[in-house]
Amino acid sequence: MTFNTDTVIRLLTIATLCCLLFASGLRLTWAEVGHALQKNRLAWILPINFLLIPALAFAMGRLFQLSTDAAAGMALLAAAPFAPVVPTFVRMAKGDLALASALTGLFPFASAFITPLICEYSLKPWLKTGVLHFNIVSIFFVLLTTITLPLVLGIAVRHSAPVLAFRLLKPVEVVAEATGSIALLFVTVVEFQTIVSIGATALFAMAMTSELSFFAGYAFSGPARAQRLVVGLGTANRNIALALLIAVESFPRSPIVAAVVANGLLLIFLGLIHVFIWRSLLPVKTMVQPE
C-alpha cells in the first residue's frame, strides 16, 4: 500500500468509528449506562478477553499449523477485544445497547496497556527473533479519541439536549453506515490480492476462534440473554483498528498487516451473520429501547 492509500484508510476508519460511537451515545442516558454496568461481570469478562481468547488463538494456530504471518495476524486480533462496531451490531440484533456502549467505551482504557503486553507474550512463539514496537501513548490517544470520547459526547448531547439528539440520530447513523461501507469496500479492493494469499485454512482457523470466543463470552456474562449477547458479540468481534495500529508499527508493509485485514473482514462478516440470527431467529427483549 502507498502512503496515500494508508491515509485514506486511516481517515475512513476514524470517521466511521467516531460516527458509530457518537450515534450509540445519542441513544443513551447516563442512568442507563450506569445501570447496565452495575449488572455486568467484569471479573469474568476481562480475563476471558485478555487471557482466554489469546490462548485460544495460539492453540488454533498450532492445531492448523498456520504460517508465522497468518498466526501473528490472528494473535494481534485476539489481543484486541471489543470492536467499536459492537454497539451497532447489538442495536441491530436488539440486544442491550447500554451495556454494549458502556463496555465498548471502557475497554480502550484497559486495552491501551494490556494489549501490548499480551502481544509481547503471545507473539514470541511465532516471532522468535522479532522485535515488537509499541507506542502506548499513541495507542491510548487513538482509542480514547475514536471510541470513548465520541461515545461520551453522544451521551452528553442526549442528556443536555434530547430533542437535538433525536434529530441528529438518523443523519449520524446514515453517515456512519455509509462511511463504514465505503471503508470496507476500499480496504477489500486495495488488499484483495494479499487477502486471497492468506489462504482458506488460516481464515477457517480465525472463524473457529471467533465462534468459540462468542460462546465463551455468552456463557460467562450473566443470566440475561440481552447481556449475554453483548459480551458474546464483544468477545467474538475484535478491535481491528487497534490490531492494525500495532501491526503497522511493528511489522510495516509485511504480510502480517494483510493477515490482520483479512481476518478482520472475516470477523465483520461473521458478526453480521450473528446479527441476522439473533434478530430473525432468536430475538431477545432489549433492556434499552431506542427512541
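Once a ≥ b ≥ c are taken as the square roots of the eigenvalues of the Cα gyration tensor of segment 102-201, is the result rounded (a/c under 1.5), prolate (a/b larger than b/c) or oblate (a/b not larger than b/c)? Note, shape of segment 102-201 comes out oblate. The packing ranking of peptides 11-21, 211-221, 78-88, highest mean first, is 78-88, 11-21, 211-221, where packing means the average number of other beta carbon atoms within 10 angstrom of each residue. Fewest neighbouring Cβ atoms within 10 Å first, the residues 206, 92, 74 line up as 92, 206, 74. Summing charges over neighbours of residue 267, with a neighbour being any other residue whose Cβ is under 14 Å away from its Cβ, gives 0 when K and R count +1 and D and E count -1. Relative to one another, the C-alpha centroids of segment 41-66 and segment 95-110 are positioned 20 Å apart. By the count of other C-beta atoms within 10 Å, a proxy for reagent exposure, 60, 208 are ordered fewest to most as 208, 60. Of 35, 274, 159, which has the largest mean-square fluctuation in a 10 Å C-alpha GNM of the chain? Largest GNM mean-square fluctuation: 35. For the pair residue 29 and residue 160, the difference between a 0.36 nm per residue extended length and the Cα-Cα distance amounts to 46.2 nm. When the chain is described by a simple charge dipole with +1 on each Lys and Arg Cβ and -1 on each Asp and Glu Cβ, the residue from 281, 178, 80 located farthest towards its positive end is 281.
Here the residues 280, 250, ranked from fewest to most Cβ neighbours within 10 Å of their Cβ, fall in the order 280, 250.
FYI, it's all coordinate maths here, none of it is from the lab. Model, not experiment: these values are computed from the prediction. Cβ: placed from backbone, ideal geometry, glycine included. Neighbour counts: every protein chain shown.
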